[in-house]
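All remarks here apply to the structure that follows.
The values are calculated or read from the model by the stated rules, or taken from the named source; none is laboratory data. Everything quoted here is computed from the prediction, not taken from an experiment. So basically every Cβ, Gly included, is an ideal-geometry build from the backbone, and we count neighbours across all protein chains shown.
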Amino acid sequence: WRYKSPVRGSLPEYYLKADGFFEVKDKSKDPYIYNEQDSKANDVALSKNAVFFSLAVPLAMKALGIRKDIVFHLHEWQTSLISLTAKEAMLNGTLESCGTLQTIHNSFDSPVSWRLLTGIMDRSRKQKLAEFPGEDLSAYQIGLGLVDAPITTVSTNFAAEFTTDVLMTEHFAPHLQSIFRKSSVYGINNGTFVSISDKYPKKETHTIEEVRAIKLKRRKSLLSILSRYKPEERFGELTYQGGSITRLPDNVPIVVMSGRLDPLQKGYDIFLRAIEQFQEDEIKVILTPMPVDYSDLDYFYEAACKCKGNITVFPFKMQRGYRELQEGATFGVMPSIYEPFGAAVEYMASGTVNIGRATGGLVDQISRNCGFLYREDAVFYTLENITAFIESADIVQMRKTNPWAESMADNLYDVMKKAINVYINHPEKYYKMVLNGFEKAEGFSWGVNAKQYYQVYDMIRS
């Protein structure tokens, strides 16, 4: 890896496979479910697979003939023990030279039993480890203490939240605070996975009128798709004054929320609570959640009935119309509970204005000149409310009386009303935000990202 700077090219990919390991029930839905009936047994299986993977990686490198000048770039707790096994590999001669760094996409962690841990160490270190009293350590408690470079994450604001946000400091990662504060967490913003839509060939240099004309054309394409694309799984009908959605006037906003249905993170239920407050034909909403457990859709069915004509749901990966959805919507909403990076730049690149909760990477992406940020009232952001909210993840309906959830939904409703007012009554400002979004999206570059990670790699070499 000893380049003077990042270089272009392709990389070979290698995958580890072994009988009895990595055998989840449904890889396409959730790669972490080994036992649906017994969560404790599932956690044990997940830890066992993570330890096996961490032990196997240095051996795989040796088998490939790569034994020196190695940088292991680790992601998530499942790989964090490679910082231990890599050092073991150098001590026992499996590898000649290597170093590790860790990128954390979220603070989820897992205990690792002493029995599993001692199974990957030589005899002398097993004996020393046996002297430690008390409970098991977690994968991050072990791994983060052994990496050879600063801990990294995928956005600058999310990095700061690891030691400042109560969700992290008191709920998800209180056991890691001493590590985070000692070594700090270095945020490196992701690049964007999409380019500026080819419908806007002049990008941010378009005139306001050009953007308006293109946007309205994409809106009509979206309405046409919505009137015709009716797969069996779709539920909730979009109408205007009881008739076809294709008759929707230009001044009625179309709002979209997309992505996996994760009740702990994405905030779909917060969005549903907010849109229940709108009158018929005041707003049109398209939701594309991808559920792991279909019972998580119960609230969606309820909201679709309560807000008949205003909501439609595609609970699957759309085979048609997704591009039209991204480009034709008025606003893309991201009411995330936490967000390492987020997909706000994808909406921007499609010519759609964002509305997002001021958390994590969304703060880095959404600024006042290209979108709208909101936050719940601070008095409700307490450990007690957070704990109750997260413990009700399996029954989202129970969150309706949670003061934190209520405040998030109310403040989301307020900022949506503000955004809609801009769209209807100040259209030049709205379309200027679209143009500003193009410029902002282009600022998230994988080239810049690579150079910043290279600087971290260089710390290992030095």
Can you confirm whether Lys68 is closer than 20 Å to Leu116 by Cα and of a type in the set (Lys, Arg)?
no
Only unsatisfied item for Cys305, checking (1) surrounded by 22 or more Cβ atoms within 10 Å (Cβ to Cβ); (2) closer than 16 Å to Gln397 by Cα, is (1)
Residue selected from the range 275-302 under the condition buried (at least 16 other Cβ atoms within 10 Å of the Cβ) and among the hydroxyl-bearing types (Ser, Thr, Tyr), by the criterion nearest to Ser407 (Cα to Cα)
Tyr299
Among Asp136, Asp122, the single one that is modelled with pLDDT under 95, loosely packed, with under 15 Cβ neighbours inside 10 Å, acidic (Asp, Glu) and at negative phi is Asp122
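Every residue, every condition in (1) within 26 Å of Val456 (Cα to Cα); (2) over 23 Å from the mean Cα position of the chain (by Cα); (3) modelled with pLDDT under 95, yes or no:
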| residue | (1), (2), (3) |
| --- | --- |
| Phe21 | no, yes, yes |
| Tyr34 | no, no, yes |
| Asp43 | no, no, yes |
| Leu46 | no, no, yes |
| Leu59 | yes, yes, no |
| His75 | yes, no, no |
| Asn92 | no, yes, yes |
So, of the residues in the range 185-221 that are touching a helix residue (DSSP H, G or I) at 6+ places or on another chain (Cβ under 7 Å) and among the β-branched types (Val, Ile, Thr), which turns out to be farthest from Leu325 (Cα to Cα)?
Val185
Anything in the range 149-185 that is surrounded by 19 or more Cβ atoms within 10 Å (Cβ to Cβ) and outside any helix (DSSP H, G or I)? List them, or say none.
Ala149, Ile151, Thr152, Thr153, Val154, Ser155, Phe162, Asp165, Ala173, Val185
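Quick one: which of Phe193, Phe180 is within 26 Å of Glu384 (Cβ to Cβ), aromatic (Phe, Trp, Tyr) and out of contact with any Gly (no Cβ under 6 Å at 6 or more places or on another chain)?
On the way: Phe193 fails: within 26 Å of Glu384 (Cβ to Cβ).
Going through Phe193, Phe180 in turn, the sole match is Phe180.
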Considering only the range 329-368, state which residues are of a type in the set (Lys, Arg) and either part of a helix (DSSP H, G or I) or buried (at least 24 other Cβ atoms within 10 Å of the Cβ) (or both).
Arg357
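Looking at Leu46, Leu74, Leu84, which is the one that is outside the structural domain of Leu261 (by TED's automatic domain parsing) and either over 30 Å from Asp293 (Cα atoms) or assigned to a loop (DSSP other than H, G, I, E, B) (or both)? Let's see the steps before the verdict.
Working: Leu46 fails: either over 30 Å from Asp293 (Cα atoms) or assigned to a loop (DSSP other than H, G, I, E, B) (or both); Leu74 fails: either over 30 Å from Asp293 (Cα atoms) or assigned to a loop (DSSP other than H, G, I, E, B) (or both).
Criteria check complete, one pass: Leu84.
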Looking at the range 284-301, which of its residues are out of contact with any helix residue (DSSP H, G or I) (no Cβ under 6 Å at 6 or more places or on another chain), touching a residue at least 40 places away in the same chain (Cβ under 8 Å) and in a helix (DSSP H, G or I)?
Asp296, Asp298, Phe300, Tyr301
For the range 215-265, which positions are loosely packed, with under 14 Cβ neighbours inside 10 Å, in a loop (DSSP other than H, G, I, E, B) and either small (Gly, Ala, Ser) or more than 30 Å from the chain's Cα centre (by Cα) (or both)?
Gln241, Gly242, Ser244, Pro249, Asn251
